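Just so you know, all these numbers are worked out from the coordinates, no wet-lab data involved. Worth saying up front: this structure is predicted, and the values here are computed from it rather than measured. Reconstructed Cβ throughout: ideal geometry from the backbone, glycine too, with neighbour counts over all protein chains shown.
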Amino acid sequence: DTGVSQDPRHKITKRGQNVTFRCDPISEHNRLYWYRQTLGQGPEFLTYFQNEAQLEKSRLLSDRFSAERPKGSFSTLEIQRTEQGDSAMYLCASSLGIYQETQYFGPGTRLLVL
Amino acid sequence: KQEVTQIPAALSVPEGENLVLNCSFTDSAIYNLQWFRQDPGKGLTSLLLIQSSQREQTSGRLNASLDKSSGRSTLYIAASQPGDSATYLCAVLSGANSKLTFGKGITLSVRP
């Protein structure tokens, strides 16, 4: 399968713990996006990478959140000191890096903070 | 700031009915508009993408139209089937970093 993959698919953690999610984009894609989706809502933009450079971060991304994309390949999203409000589906998408093209989404990581 | 609205939030129709899902957006300076399908607890599946220069796109029983000047798009589903039951999300690509802005989605239920 050459699509976008995410790991883990599900994560249950206790409040205050740190969690890290991984996204592997389609191999030739330069752009990588993270979105967050809460129940009953559409996905909301969190952050975006062009190769290894993080070019934009949403105000939704508090100081407890950090994302990296070393070497412009896979990306990780870490949440420190998780809160119950962090419970959501975290979606990763990638695209070639040219305007007007499709973003391809991974299956998402569902996080539940107890 | 771009905002995308989808109304109603939920829709229930009998099998076989043709239906239209509506999407509106506030800023017409978009690169493209995309319709997605999402099954419960799953990720997003892209259905149709309409470039800003296009008026419509078709795939099988699905047809999506775009009126960029009025900030509207419709997704037409012909001869609906129970397997079409899902949440349908509209998203527009805009801004310097080409991020997607999504609506909240329309949850469709097709009754056998």
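The single condition among (1) within 14 Å of another protein chain (Cβ to nearest Cβ); (2) touching a residue at least 40 places away in the same chain (Cβ under 8 Å) that B:L66 does not meet is (2). Considering the range A:56-112, the residues that are hydrophobic (A, V, I, L, M, F, W, C) and closer than 25 Å to B:I50 by Cα include one that is nearest to the other protein chains (Cβ to nearest Cβ), namely A:F105.
Number of residues in the range A:1-35 that are within 11 Å of chain B (Cβ to nearest Cβ), surrounded by 17 or more Cβ atoms within 10 Å (Cβ to Cβ) and not in a loop (DSSP other than H, G, I, E, B): the value is 5. Annotation note: Cβ proximity below 7 Å between a residue of the range B:96-108 that is more than 7 Å from chain A (Cβ to nearest Cβ) and in contact (Cβ under 8 Å) with a residue 12 or more places away in the chain and a residue that is hydroxyl-bearing (S, T, Y) and surrounded by 22 or more Cβ atoms within 10 Å (Cβ to Cβ) (sequence gap 6+ or interchain) occurs for B:I106/B:Y88; B:L108/B:Y88. With respect to B:N63, determine if the residue is surrounded by 12 or more Cβ atoms within 10 Å (Cβ to Cβ), touching a strand residue (DSSP E or B) at 6+ places or on another chain (Cβ under 7 Å) and over 30 Å from A:T38 (Cβ atoms). Taking the combined requirement at face value, the residue satisfies it. Would you check if there is a residue in the range A:79-97 being within 22 Å of B:G95 (Cα to Cα) and either of a type in the set (V, I, T) or assigned to a loop (DSSP other than H, G, I, E, B) (or both)? Yes - at least one qualifying residue is present in the range A:79-97.
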